[in-house]
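The next block holds one structure in the form of structure tokens; read it before the comments.
The values are calculated or read from the model by the stated rules, or taken from the named source; none is laboratory data. As the structure is a computational prediction, the values presented were derived from the model and not from experiment. Glycine also receives a Cβ, built like all others from the backbone with ideal geometry; neighbour counts cover every protein chain displayed.
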Amino acid sequence: MISMRIAPALFAALWLWSAPALGQGELTAIRNVYLLPMGSGLDQYLANQLTVNGVFRVVTDPRKADAVFTDQIGPALEQQLAELYPPEPEADESAGAAEAGSEEAPTEAEAAAAEAEKTRQEKRPIISSFRRGKGNVFLVDVRSRLVVWSTYLPPKNYSSKQLNKAAAKIVAALKQALSGAP
């Protein structure tokens, strides 16, 4: 029987030992990635390095991706993910839509929903690759919306040579994380 003094220390040691493996499992489950626009076009250099090094398959259809690379997180990312990966309609709504038929005029609720969507689209934040990146890169699982890997590596400047070097260093750090090496 384990004494009461040793049990908490043993539990903490087991937790610390298994914690990195939990995060690594999420990372190793990723096969296909989609790259959102990044500052100074870093996404293009990163796509090249990921492909050349065979770390992940880079897909051009976000619906085929297990995760997305981005250089920012927050409300703008949440909105992009919601647009790229909309929640599936519930069974009741899809059954009602099928029965209603497409020839009928929209109801007041449908018209209000369409107007709300139009307003939301007008207020949508502009995502551009012309901004300067700050050096953060995040890999976000599209299903869980968890950041499964990230790094901070600002390029020395924003020349194509330096952006390519930064992308190569990012991919090297990712390969190291995938291998489980400290």
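Take the conditions (1) free of Cβ contacts under 8 Å to residues at least 12 places away in the same chain; (2) out of contact with any helix residue (DSSP H, G or I) (no Cβ under 6 Å at 6 or more places or on another chain); K156 misses just one of them, which is (2).
For K134, the requirement of being without any contact (Cβ under 8 Å) to a residue 40 or more places away in the chain, surrounded by fewer than 16 Cβ atoms within 10 Å (Cβ to Cβ) and among the basic types (K, R) is not met.
Pick out, from the range 49-122, the helices (runs of 4 or more DSSP H) lying fully within it that include 3 or more residues that are modelled with pLDDT of 90 or more, surrounded by 10 or more Cβ atoms within 10 Å (Cβ to Cβ) and among the aliphatic types (A, V, I, L, M).
Numbers: elements: 75-84, 91-100, 108-122.
The qualifying helices (runs of 4 or more DSSP H) are 75-84.
The one condition from (1) in contact with a helix residue (DSSP H, G or I) (Cβ under 9 Å, 6 or more places away or on another chain); (2) surrounded by fewer than 11 Cβ atoms within 10 Å (Cβ to Cβ) that S179 does not meet is (1). Scanning the range 143-157 for residues that are surrounded by 15 or more Cβ atoms within 10 Å (Cβ to Cβ) and modelled with pLDDT under 95 turns up L153, P155. Residue selection: S150 fails the criterion of being more than 18 Å from G39 (Cβ to Cβ) and either outside any helix (DSSP H, G or I) or of a type outside the set (A, V, I, L, M) (or both). Filtering the range 157-172 to residues that are within 15 Å of V52 (Cα to Cα) and small (G, A, S) leaves A166, A167, A168, A172.
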